[in-house]
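Reviewing the structure listed below.
The values are calculated or read from the model by the stated rules, or taken from the named source; none is laboratory data. Please read these numbers as outputs of a predicted model, since none were measured by experiment. No Cβ is skipped: glycine too gets one built from the backbone with ideal geometry, and neighbour counts run over all protein chains shown.
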Amino acid sequence: MSTQTQLVASLSSLRIGFLGKPMAAQRELHDFFFKEAKRKGYRSRAAYKLTEIDDKKHVLKKRDVVLDLGCAPGSWLQVISQRIGPRGKAIGVDLKAIDQTNLLENVVTIQEDVTALTPDTFGGDLFDVLLSDMAPNTTGVRTTDHYGSVRLCHCALDLATTLLKTHGNLVMKVLEGEAYPELLDRCSQMFAQSKGFKPKASRAISTEMFVVCLDRNEELQPPMQIAPAPPARGWQ
Ligand SMILES: C[S@@+](CC[C@H](N)C(=O)[O-])C[C@H]1O[C@@H](n2cnc3c(N)ncnc32)[C@H](O)[C@@H]1O
């Protein structure tokens, strides 16, 4: 039995055991991905989120040049590196330093705030795929965290206007909330397809979603000049 089949079989048996116990089930599923990630040498269970997104939506392909925004500790880079192959290239950016140990030769990392990135950072090179698993420092206040996350998404979309090739793909994490429809609207103006996706490795109780945008339109759109305005109440 292949590892993938074993994973699906394990998930199915877990779900049967979950009936009537949703919270316990979520904890078990979370532990399951955590243990699987450890066993396979992934730096975090987030690897399974990108694996599922790419298996279902076919975002990455061999030889792609990929920019991974908010890449630390590096489990997405591990997945990207395998999927694009030795002739592809992945560049990871994070505020935090990224441990280079065991990263393949097709991976380069930069310690930087993504808001400081410009086309010059990459010598004018363009990307086939932009990925963002960026999350703000969470406060526990849902509205604050939501708007923090949406700002990071608009930053990723701004970067897509100058760094993503025509027909390129973008996947970004967002914490859902009231500015989510407006974010999706902007995505649908920039890409032929854009849709929210919730991977199994993402906790059901979390507002975390991934917006999968495929096939960037030809015409460039100027970056947003102003970040979305937070509501008068609930914003801190
Ligand atoms: C959930 S982690 C990413 C996990 C990663 N995808 C992986 O698989 O290992 C979110 C990351 O986003 C980074 N981040 C948040 N805001 C950022 C910014 N403005 N510039 C660069 N990185 C940022 C954080 O430092 C954090 O490491």
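A few notes on this one:
- Residue in region 51-63 that is more than 7 Å from the ligand (Cβ to nearest atom), in contact with a Pro (Cβ under 7 Å, 6 or more places away or on another chain) and modelled with pLDDT of 95 or more present: yes
- When residues of region 183-206 are limited to those that are surrounded by 15 or more Cβ atoms within 10 Å (Cβ to Cβ) and of a type in the set (Ser, Thr, Tyr), the one modelled with the lowest pLDDT: Ser202
- Filter result (buried (at least 23 other Cβ atoms within 10 Å of the Cβ), more than 11 Å from the ligand (Cβ to nearest atom) and not small (Gly, Ala, Ser)) within region 160-171: Leu164, Asn169, Leu170
- Selection count, region 124-150, where residues are within 12 Å of the ligand (Cβ to nearest atom) and either surrounded by fewer than 18 Cβ atoms within 10 Å (Cβ to Cβ) or not assigned by TED's automatic domain parsing to the domain that holds Val108 (or both): 4
- Checking region 142-158 against the condition returns no match, with no residue being touching a helix residue (DSSP H, G or I) at 6+ places or on another chain (Cβ under 7 Å) and either among the aromatic types (Phe, Trp, Tyr) or at pLDDT below 95 (or both).
- Residue within region 179-197 that is in a loop (DSSP other than H, G, I, E, B) and either outside the structural domain of Gly70 (by TED's automatic domain parsing) or under 25 Å from Ala24 (Cα atoms) (or both) present: no
- Checking Cys153 against (1) away from the ligand (no atom under 12 Å from the Cβ); (2) out of contact with any Pro (no Cβ under 9 Å at 6 or more places or on another chain), the condition it does not meet: (1)
- Test for Asp68: is it in the same structural domain as Arg151 (by TED's automatic domain parsing), within 14 Å of the ligand (Cβ to nearest atom) and out of contact with any Pro (no Cβ under 6 Å at 6 or more places or on another chain): yes
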